Amino acid sequence: MNTKEKNIPCWYELGWDEVTKSLILRVHKDFAKNSYTFLDSDSIIQNYTRDFGFSSYSQDFSTDYFGFDDVFKRRGDVGEFIEYEVKISYIGKEVVCNFCSCDAENFFNKPCLFCGDSKVMISYDFKHTFAVSASFTTFFILASWRRYEKTSSNQFQLFEINTTTQRGLNGGSLT
Ligand SMILES: [Zn+2]
């Protein structure tokens, strides 16, 4: 929260769509029109693409997608804002437990910690989740670069958010 200024015209909003289970990002058109962009050679884009294996990155607000691997999908215009949805879905997948199946001697003499002896455990693929997180990180950086330029919105920017995306943070990416 910026406590040094007041009544800053809104340049983005975040929300939640319970029906589609999507995060909602609304970007003010004044922001979209004049936004800074990263260069393809910028280290943040190169490092995220390399470290997480993303296929693409888009930051052109005139197209239907924003972010890595097209995770922000444009839904249309809502007044003076461009609205994007970010689908959030379950990332678990049932797989054969590879902890107890090869364990001839049950060390703890208890049910398997990973499958409860059902031989089926849940494996998680975080690639989409990292694409969502990294896309928000890059968006928030672009937004922060324009914090002193005003939009025409009569709503206020109540919060400014900054995040980072990195493996092994265990959910602690909000700064
Ligand atoms: Zn098991």
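If you check Lys21 against the conditions, is it at pLDDT below 95 and either farther than 23 Å from Glu160 by Cα or in contact with a helix residue (DSSP H, G or I) (Cβ under 9 Å, 6 or more places away or on another chain) (or both)?
Working: at pLDDT below 95: yes; either farther than 23 Å from Glu160 by Cα or in contact with a helix residue (DSSP H, G or I) (Cβ under 9 Å, 6 or more places away or on another chain) (or both): yes.
In short, yes.
If you scan the stretch 1-30, which residues turn out to be surrounded by 13 or more Cβ atoms within 10 Å (Cβ to Cβ) and over 19 Å from the mean Cα position of the chain (by Cα)?
If the condition is that a residue be surrounded by 13 or more Cβ atoms within 10 Å (Cβ to Cβ) and over 19 Å from the mean Cα position of the chain (by Cα), then Ile8, Pro9, Cys10, Lys29, Asp30 are the ones that fit.
The values are calculated or read from the model by the stated rules, or taken from the named source; none is laboratory data. Values in this document were obtained by computation on a predicted structure and should not be read as measured data. Using ideal geometry, Cβ is built from the backbone for each residue, glycine included, and neighbour counts are taken over all protein chains shown.
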